[in-house]
């Protein structure tokens, strides 16, 4: 941590991003985590890696967008080689917000594994809406539903139809009826009641 703080002193344009990967249960062996950490750390001086209780945290330090893109690709490629995915925090420039970035990256991976399981990296900036919705109560979620959604749900319940699921599938396929659905955007969200 001392190295991180000294690297950031006096530099106004220094930015950070955190990646985290909760390793799959069969991969939590400490030797595996240490080997993955060594591979990631070998990618460069601006990349710091911390294993902790079956989770690998990676902190990238960069000044230019091109540096961020190159390092991000290298880190994600390393995770992919180890058959793991990762979550990514928002970009930040103040190391005192590091705990929040750790949480963002972990939440991004947790939600991303449900919403976009085929992706190697789940970015918090793309999943922030799902994160906020998943923390709501059933009553709050109900209040956010549009009248059209409620009417369609009520129609399905009273007529034994599946129009709501059809609408969701169309949405998942970007309204392209020839494309098979990847995953259900609405039903895949880990809502407290599992209703949507």
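The values are calculated or read from the model by the stated rules, or taken from the named source; none is laboratory data. Every value quoted in this text rests on a predicted model; they were computed, and no experiment measured them. Cβ coordinates were reconstructed from backbone atoms using ideal geometry, including for glycine residues, and neighbour counts include every protein chain displayed.
Considering every residue within segment 55-67, establish whether at least one is within 23 Å of residue 135 (Cα to Cα) and either within 20 Å of the chain's Cα centre (by Cα) or not in a helix (DSSP H, G or I) (or both).
Here is the first cut: in segment 55-67, the ones within 23 Å of residue 135 (Cα to Cα) are 55.
With the extra rule that they be either within 20 Å of the chain's Cα centre (by Cα) or not in a helix (DSSP H, G or I) (or both), the set shrinks to 55.
Among the residues of segment 55-67, at least one is within 23 Å of residue 135 (Cα to Cα) and either within 20 Å of the chain's Cα centre (by Cα) or not in a helix (DSSP H, G or I) (or both), which makes the answer yes.
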**Asked** For segment 66-94, how many residues are touching a residue at least 40 places away in the same chain (Cβ under 8 Å) and either more than 24 Å from residue 33 (Cβ to Cβ) or crowded, with 17+ Cβ neighbours inside 10 Å (or both)?
**Response** 17
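Every residue in segment 18-38 that is at pLDDT below 90 and within 27 Å of residue 95 (Cα to Cα), please. Break it down stepwise before answering.
Here is the first cut: in segment 18-38, the residues at pLDDT below 90 are 20-38.
Across segment 18-38, the qualifying residues are 20, 21, 22, 23, 33, 34, 35, 36, 37, 38.
For segment 74-103, which positions are part of a helix (DSSP H, G or I) and in contact with a helix residue (DSSP H, G or I) (Cβ under 7 Å, 6 or more places away or on another chain)? Please lay out each step first, then the result.
Going through segment 74-103, the residues part of a helix (DSSP H, G or I) turn out to be 74-81, 95-103.
Listed by number, the residues that qualify are 75, 78, 95.
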**Request:** Tell me the helices (runs of 4 or more DSSP H) entirely within segment 104-176 that contain at least 3 residues that are at pLDDT below 85 and surrounded by 15 or more Cβ atoms within 10 Å (Cβ to Cβ).
**Result:** 124-134, 163-172
